[in-house]
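**Student:** One structure follows; several queries about it will come next.
Read-outs throughout are calculated quantities, based only on the coordinates presented, and are distinct from any laboratory measurement. Just so you know, these numbers come straight off a predicted model, no measurement behind them. Cβ: placed from backbone, ideal geometry, glycine included. Neighbour counts: every protein chain shown.
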């Protein structure tokens, strides 16, 4: 997808489904991600941790995950092609970023719509593009890091994307192998503003 590909170059990344009511019961990422868990833990930049969604819709279970990483973040993409290793042949993915890597997204928050996520975290829904070429995202900050979840609208609706983000927020983080648990500076999670939306999906 063109926006995910461009964003990966510009930051130098976000698909993924769960019920808000069952999110807290999850204890591990969706089985789809099993083949890349070890790679994630080995390639995470210092001071970074990764969260993956606990649940994917049935049609997404045939996707193939692959990862991209640099000093500013790690992205896990999903593709229908088993030999894909570039964002342009993916249908979406999720990324965890340092504050520097998340700076592009921080500047986009005023264009997004606030949405409620579990654990008192405020997310933002953001759409970029037009018509069939629209890519959309849920952005949030957690444990001092920025997270970006994204897909094109052909593969995930707004509601589904936000449900996927909800399942990710409550998942235990993956850390680099050998990394102690207090490497990150812990911060208060983002809180909802004074006027949260009650219908975050305007048509």
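**Student:** With a Förster radius of 45 Å, plug the Cβ-Cβ distance of residue 86 and residue 119 into 1/(1 + (r/R0)^6) and report the FRET value to the nearest 0.05.
**Tutor:** Values: r = 34 Å, r/R0 = 0.75.
In this case the efficiency is close to 0.85.
**Student:** Starting from the Cα of residue 130, step 7 Å along the direction of its Cβ; do the same at residue 58; then give the gap between the two resulting points in nm.
**Tutor:** 3.7 nm
**Student:** Testing the spin-label approximation: label points 7 Å from Cα along Cα→Cβ at residue 109 and residue 143. State their distance in nm.
**Tutor:** For the pair residue 109/residue 143, the computed spacing is 1.9 nm.
**Student:** Here is a follow-up. Starting from the Cα gyration tensor of the stretch 24-97, take the square roots of the eigenvalues, sort them a ≥ b ≥ c, and report rounded, prolate or oblate (rounded when a/c is under 1.5, otherwise prolate if a/b is larger than b/c, else oblate).
**Tutor:** Numbers: a/c = 1.94, a/b = 1.12, b/c = 1.72.
Here the stretch 24-97 falls in the oblate category.
**Student:** Please report the base-10 log of the normalised intensity I(q)/I(0) for the stretch 2-175, using a Debye sum with one equal scatterer per alpha carbon and no solvent, at each q in 0.18 (1/Å).
**Tutor:** Calculated log10 I(q)/I(0) at the listed q: -1.14.
**Student:** Moving to a separate point now. Suppose each label sits 7 Å from its Cα in the direction of the beta carbon; what would the residue 153-residue 177 distance come out to in nanometres?
**Tutor:** Result for the modelled spin labels: 4.3 nm.
**Student:** Please report, in whole Å³, the volume per residue of the convex hull around the C-alpha atoms of the stretch 99-151.
**Tutor:** Hull volume normalised by residue count: 82 Å³.
**Student:** Then there's this: Would you list the P(r) distribution for the stretch 63-145, with all Cα-Cα distances sorted into 5 Å bins from 0 and each bin expressed as a whole %?
**Tutor:** 3, 13, 20, 22, 22, 14, 5, 0
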